[in-house]
Amino acid sequence: MNFLDRFHNWRRQQRWNRQYKSGRWDKLKDDIEAVRYQKIIDYTVEFGPENASILDLGCGEGILAERMASTKYSYFLGMDFSSVSIAKANHLTLRNTEFICADIHNFQPKQTFDVIIFNEVFYYIHETEKQNVMDRMIACLNDNGIIITSIYREGLGCWKYFDQLDQLNFESITTTNENTYWKVGVYRK
């Protein structure tokens, strides 16, 4: 990213921190989101290896990790852009779980994972960096590992980056509100 794009990215981070402080994203804990989170968990269990290592990109306050507490996994790393959301996530006491604040544009995991989840985050990646981020995450995926992505509504311009992968399943998650839906896919490299 050029200097101007990096500046706008920094401003976005400040906005995310303000929004998490104000409680704007508390709605992610609502029941309407539960179906989407459950689909991610189901794909993890169905297509991922047993006792998987999991990377949750865009983890927010750790809601997915909290919902996965009864699922067996060897390690769960949640990463988010907002230091405020990560501070909230770090108050959770979950086994084999860690949360870190990082920018997905240059985040380089220190290990490989069985499951990598783009949790409502892919459309926030700068257009010039989407392929770079995808390549870096694919390189951090263990053999027979899976990538799961959840995208609110259509996610225009995002799905083409997943075409390079083998699609295992894909589903639209609908709600009683016709404008609130997600598309969730699971892929193998």
Original post:
What are the ³J(HN,Hα) values, in whole Hz, obtained from phi via the Karplus relation 6.51 cos²θ - 1.76 cosθ + 1.60 with θ = phi - 60°, for each residue of the range 117-125 in sequence order, with x given for Gly and Pro?
Top reply: 10, 8, 9, 6, 10, 4, 6, 8, 6
**OP:** Kindly flag which residue pairs out of Lys21/Lys183; Lys21/Lys72; Lys29/Lys72; Lys72/Lys160 have an alpha-carbon separation exceeding 26 Å in this structure.
**Re:** Lys21/Lys183; Lys21/Lys72; Lys72/Lys160
Original post:
What does the accessible area per residue of the range 93-189 come to in Å², with a 1.4 Å probe and no ligands, DNA or RNA counted?
Top reply: 49 Å²
**OP:** Could you go through the range 169-175 in sequence order and give the Karplus-derived ³J(HN,Hα) for each residue, using 6.51 cos²θ - 1.76 cosθ + 1.60 with θ = phi - 60°, rounded to whole Hz, and x for Gly and Pro?
**Re:** 6, 7, 8, 8, 9, 9, 10
**OP:** Give me the percent of the accessible area of the chain that comes from carbon and sulfur atoms, probe 1.4 Å, all protein chains in place.
**Re:** 48 percent
Original post:
Given the options Glu66, Glu129, Glu178, which has the most mean-square fluctuation in a GNM of the chain, springs set between C-alpha atoms less than 10 angstrom apart?
Top reply: Glu178
**OP:** Over the range 1-88, give the accessible area per residue in Å² for a 1.4 Å probe, as an integer.
**Re:** 50 Å²
Subject >> Entry for percent of Cα pairs over 22 Å apart (calculated from the structure that is shown) out of (1) 39; (2) 44; (3) 59 >> reply: (2)
Subject >> Other-chain or far-sequence residues with amide H under 5 Å of Leu55's (modelled H) >> reply: Leu77, Val115, Ile116, Ile117
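The values are calculated or read from the model by the stated rules, or taken from the named source; none is laboratory data. What you see is a predicted model; the values in this text were computed from it and never measured. Just the protein is used for accessible areas: all its heavy atoms, side chains included, with ligands, DNA and RNA removed. Shrake-Rupley method; radii C 1.70, N 1.55, O 1.52, S 1.80 Å.
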